[in-house]
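The values are calculated or read from the model by the stated rules, or taken from the named source; none is laboratory data. In this text the structure is predicted, and so the values were computed from the model without any measurement. Backbone-built Cβ (ideal geometry, glycine too); neighbour counts: all protein chains shown.
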Amino acid sequence: MSRSDRGPWEISGGAPLEPDIGPVDDVDCGSGHCDRDAVYRVAWPNFGGDEALCEWHLCRFRHQHTEIWDQMRALDAPNPDTFAVRGQRFISLDEVPEEIAVDDDRMRRVALGDDGLALFESADVGPGDPVRFVTVDRRLDVDGSIEVARGKAGSVVAWYRDHEGVYEWDPEAKAALHGGESAR
Ligand SMILES: [Zn+2]
């Protein structure tokens, strides 16, 4: 049978693709580097498909796509709100303080990572002092910490960007990254 004899349903082998929305079991979260279990499948705006997300990525999705979220809530499927549990991670940069203190050191915000932890660096660095970087959760508990010579600070930020993934830069840190930092 030649291809032209087939109806479109035969070519696709199934019903037209429609987003499948609702709770899921035994599926990995479909978001980037995330290794948590997915809890709910949502309509995915970019590709016209769907994606299963973990509790925290569900929260971020709700924050980013309020219109789709409202549409999902109007459906027959179980209320997605009950599956969106944020835990101790940040959803957006707005929630991250611009400055914090860690062990009495003043630290300033650099970025919010794809993983929902925020990256900070030492705010007061003397000429010979090392620069400290920390990642913190929403309780401001330190998750990771590293100290490097001042000249290496830029490469730490670049490593973080490439390996952890940056969700949102602090505007000033971003400006420094593209301007002042390159001179060091
Ligand atoms: Zn996830």
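From (1) under 19 Å from the mean Cα position of the chain (by Cα); (2) surrounded by fewer than 14 Cβ atoms within 10 Å (Cβ to Cβ); (3) not aliphatic (A, V, I, L, M), pick out the condition that doesn't hold for Arg138.
Every condition holds for Arg138 apart from (2).
Yes or no, residue by residue, for (1) loosely packed, with under 14 Cβ neighbours inside 10 Å; (2) more than 19 Å from Glu55 (Cα to Cα); (3) at pLDDT below 95:
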| residue | (1), (2), (3) |
| --- | --- |
| Phe83 | no, no, no |
| Asp103 | yes, yes, yes |
| Arg106 | yes, yes, no |
| Leu112 | no, no, no |
| Val142 | no, yes, no |
| Glu147 | yes, yes, no |
| Ser182 | yes, yes, yes |
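How many residues are among the aromatic types (Phe, Trp, Tyr) and under 15 Å from Val131 (Cβ atoms) when one looks only at region 142-179?
2
Name the pairs whose Cβ atoms lie under 6 Å apart, with the first residue in region 47-74 and free of Cβ contacts under 8 Å to residues at least 60 places away in the same chain, the second of a type in the set (Asp, Glu) and crowded, with 17+ Cβ neighbours inside 10 Å, and 6 or more positions between them or separate chains?
none
If you go through region 75-94, how many residues are touching a residue at least 60 places away in the same chain (Cβ under 8 Å) and within 16 Å of the ligand (Cβ to nearest atom)?
Summing the residues that are touching a residue at least 60 places away in the same chain (Cβ under 8 Å) and within 16 Å of the ligand (Cβ to nearest atom) in region 75-94 gives 2.
Within the set of pairs 6+ apart or on separate chains, which have a first residue in region 123-136 that is more than 11 Å from Arg106 (Cβ to Cβ), a second that is in a loop (DSSP other than H, G, I, E, B), and C-beta atoms under 7 Å apart?
Pro130/Ala149; Val131/Val125; Thr135/Leu117; Val136/Leu117
So how many residues does region 65-106 have that are touching a Pro at 6+ places or on another chain (Cβ under 7 Å) and β-branched (Val, Ile, Thr)?
Looking only at that region, the number is 1.
Taking region 31-54 only, how many residues are within 8 Å of the ligand (Cβ to nearest atom) and surrounded by 17 or more Cβ atoms within 10 Å (Cβ to Cβ)?
Looking only at that region, the number is 5.
With a cut-off of at least 2 residues that are in the same structural domain as His163 (by TED's automatic domain parsing) and within 26 Å of Val157 (Cβ to Cβ), name the strands (runs of 3 or more DSSP E) lying wholly within region 20-137.
Ranges flagged: 99-102, 105-113, 118-122, 131-136.
Among the residues of region 82-115, how many are more than 14 Å from Trp56 (Cβ to Cβ) and within 19 Å of the chain's Cα centre (by Cα)?
Total meeting the criteria: 8.
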